[in-house]
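Read the structure below first, then the notes.
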Amino acid sequence: MTLNSTIKQWFVMRDLTRSNAKCPAYRMLQGLNIACFTPMVSKIFLRQGKRERREVPYMHDLLFVYDTREAIDPLVESIPTFQYRYLRHTNRLPMTVRDEEMECFIRAVESSESPRYYRLDEITPDMLRQRIRIVGGQLDGYEGFLLTVRGSKTKRLLVQLPSLLAASVEIQPEYIQLVGKR
């Protein structure tokens, strides 16, 4: 697999700044008008004795950047805390995600008010029992697994980025069509 340096694609990047940095990589990229995505979660922090809710990255060092290799390379060279994630057992070949997979993942996450993120090692076979297809609504045509979590009454669709990350998003039961068992 070789990379064409003039084609825009989703690169998987690392942000090695501290979690409390004033200008993490995703903010820097937004300031440079470079398309990027980082999975965000809402957390409560204490600030001067008051509780405040803030959106922070789910995994601070995980970042997806959509641009050409020619545009990203100068940033990687000039900012030591901003790096490519490389595929294992290759000669420094950066990780990429197919455009369709990334766009589906982003659309699913943004359609939900409270997406939950999972590392792939957190997903057990018991959580992936029934394969479903969404018919209607914002996520029409999506296929994935119906996430079953003990004690939860809400139905959630598990959307995955292969070998990286998974997110579960809330779906309405009337849009669920069973495809089959795993």
Taking N as the residue count of the chain, its alpha carbon Rg divided by 2.2 N^0.38 Å gives 1.14
Restricting to Cα pairs under 8 Å and 6 or more apart, the percent relative contact order of segment 1-54 works out to 16
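Work through the residues other than LYS43 whose Cβ is under 14 Å from its Cβ and net out their charges, Lys, Arg +1 and Asp, Glu -1. Can you show the working numbers first?
Working: positive: ARG47, ARG51, ARG53, ARG54, ARG116; negative: GLU52, GLU55.
Here the charged neighbours net out to +3.
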Expressed as a percent, the accessible surface of the chain that is carbon or sulfur, using a 1.4 Å probe and the full set of protein chains, is 47
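Taking the Cβ of LEU62 as the centre, find all other residues whose Cβ is under 12 Å away and add up their charges (Lys, Arg: +1; Asp, Glu: -1).
Values: positive: ARG14, ARG85, ARG119; negative: ASP15, ASP61.
Charge balance near LEU62 sits at +1.
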If one compares the long axis through the Cα atoms of helix 99-111 with the longest principal axis of the Cα atoms of the chain, the angle in degrees, nearest 10, works out at 60
So, over other residues within a Cβ distance under 14 Å of TYR175, counting Lys, Arg +1 and Asp, Glu -1, the net charge is -1
Output for segment 14-110: trypsin sites (Lys or Arg not before Pro) sitting in coil per DSSP, at most 10 other Cβ within 10 Å, listed by number, reads ARG18, LYS22, ARG88, ARG92
Cα extents of segment 1-90 along the principal axes, largest first, in whole Å, come to 52, 29, 20
Residue-normalised 222 nm signal for the chain, counting each DSSP H run of n ≥ 4 as -39,500 (n - 2.57), nearest 500 deg cm²/dmol, is -5000 deg cm²/dmol
Heavy-atom accessible area per residue of the chain, all protein chains kept, 1.4 Å probe, expressed in Å², is 64
The helix 69-78 Cα axis meets the longest alpha-carbon principal axis of the chain at an angle in degrees, between 0 and 90 and rounded to 10, of 60
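The values are calculated or read from the model by the stated rules, or taken from the named source; none is laboratory data. Keep in mind that what you see is a predicted model, and the values were worked out from it rather than measured. When we count neighbours, we look across all protein chains shown, and the Cβ atoms used for this are built from the backbone with ideal geometry, even at glycine. Ligands, DNA and RNA are stripped out before the accessible areas are found, and what is left, the full protein with its side chains, is counted by its heavy atoms. Shrake-Rupley method; radii C 1.70, N 1.55, O 1.52, S 1.80 Å.
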